[in-house]
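Beneath this line is the structure, given in structure tokens, with notes to follow.
Nothing in this text is a laboratory measurement; each read-out follows from the coordinates by a stated rule. In this text the structure is predicted, and so the values were computed from the model without any measurement. Note that we place each Cβ from the backbone using ideal geometry, even for glycine, and neighbour counts take in every protein chain shown.
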Amino acid sequence: MNMAPELLHKALAAHGGLDRWKRFEKVQATIVTGGQLFTMKGTPQDPTRRRMTVATKREWASVAPYGPDDQRTDFTASRIAIERMNGTVVKERLHPSEHAEGKAVDAPWDGLDRAYFNGYALWTYLTTPFHSELPGFAVEKIEAWHEKGEAWGGLRVTYPANIASHSRQLGFYFGSDFLLRRHDYHVEASGRFAAAQYVSDNVTAQGIVFPTKRRAYMRDKRLLPIDDRLMVSIDHSDISLS
């Protein structure tokens, strides 16, 4: 990391500390997702509770069930697959970003596009802010964001080419307690629309702090959320590390 600002160090400490985080290899969480994005993409979301697993020291994720009860996903930046629980591959795609990106915001996703989006997004969310300490990431302080009578300190994180996420640069905003409040990005896998994601209802699992509610809205040119465009909602529960 290049010249990590003091705000990042305080955020890492507030979320449980980098030394504690490094003890773990995986994070698991039960997720329930919804929002307008999935209907727009032709992959409407149901209220099924799914189990998400992400790696802490590399970019990898899997969710189960995915479609039928005996299927799961296997995500890395260079490959997305749908497989049986015994590891038999049902479908796979190499270089999945090339298929998902560069299309209109409402261009349909297939099952592998959706799995790719789910994999990189949940890996990003469940490893924030700690993934910024992995090799190749660059972090810089940006102007604070003022909302709800508060000033939220801002960081811009530039992701290396071998890491998949919403876009190459993402914004993170932290409250006076140095816990995450808001997360801004452009969704390259869906027409590059601008999003403002709000996080809340923190819990502590094995000493690491996680938000349990995420609400991502389209945002306008003033960087304000568009209240009637709730694109993605995610509720997390039963979070554990191993």
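Rounded, prolate or oblate: which fits the range 108-223, taking a ≥ b ≥ c as square roots of the Cα gyration tensor eigenvalues, rounded meaning a/c under 1.5, else prolate when a/b beats b/c? Show your work: numbers first, answer last.
Numbers: a/c = 1.42, a/b = 1.27, b/c = 1.12.
Note, shape of the range 108-223 comes out rounded.
Show that you can apply the helix-only estimate: for the chain, add -39,500 (n - 2.57) for every DSSP H stretch of four or more residues, divide by all residues, and state [θ] at 222 nm to the nearest 500.
Values: 5 runs with 40 residues, N = 242.
Calculated mean residue ellipticity at 222 nm is -4500 deg cm²/dmol.
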Scoring only Lys, Arg, Asp and Glu (+1, +1, -1, -1) among other residues with Cβ under 12 Å from the Cβ of GLY119 yields +1
Charge tally for neighbours of ALA107 with beta carbon under 11 Å away, counting Lys, Arg as +1 and Asp, Glu as -1, is -2
The base-10 log of I(q)/I(0) that the Debye equation returns for the range 1-65 at q = 0.17, 0.27 Å⁻¹, one scatterer per C-alpha, is -0.82, -1.12
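Could you compute the net charge surrounding VAL90? Neighbours are other residues with a C-beta less than 12 Å from the C-beta of VAL90; K and R count +1, D and E count -1. Don't skip to the end; give the middle numbers.
Working: positive: ARG72, ARG84, LYS91, ARG93; negative: ASP70, ASP74, GLU83, GLU92.
Combined, the nearby Lys, Arg, Asp and Glu give 0.
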Expected sort for 187-194, 47-54 on mean C-beta neighbours within 10 Å, highest first, is 187-194, 47-54
Of all GluC sites (Glu not before Pro) in the range 1-71, the ones in DSSP coil with at most 14 other Cβ atoms within 10 Å are GLU25
At the level of C-alpha centres, the distance separating the range 99-173 and the range 1-77, in angstrom, is 12
For the range 65-148, the dipole about the Cα centre with charges only on Cβ (Lys and Arg +1, Asp and Glu -1), to the nearest 20 debye, works out at 120
Links exceeding 29 Å between C-alpha atoms in this model, out of LYS41/LYS141; LYS148/LYS221; LYS57/LYS141; LYS41/LYS148, come to LYS41/LYS141; LYS41/LYS148
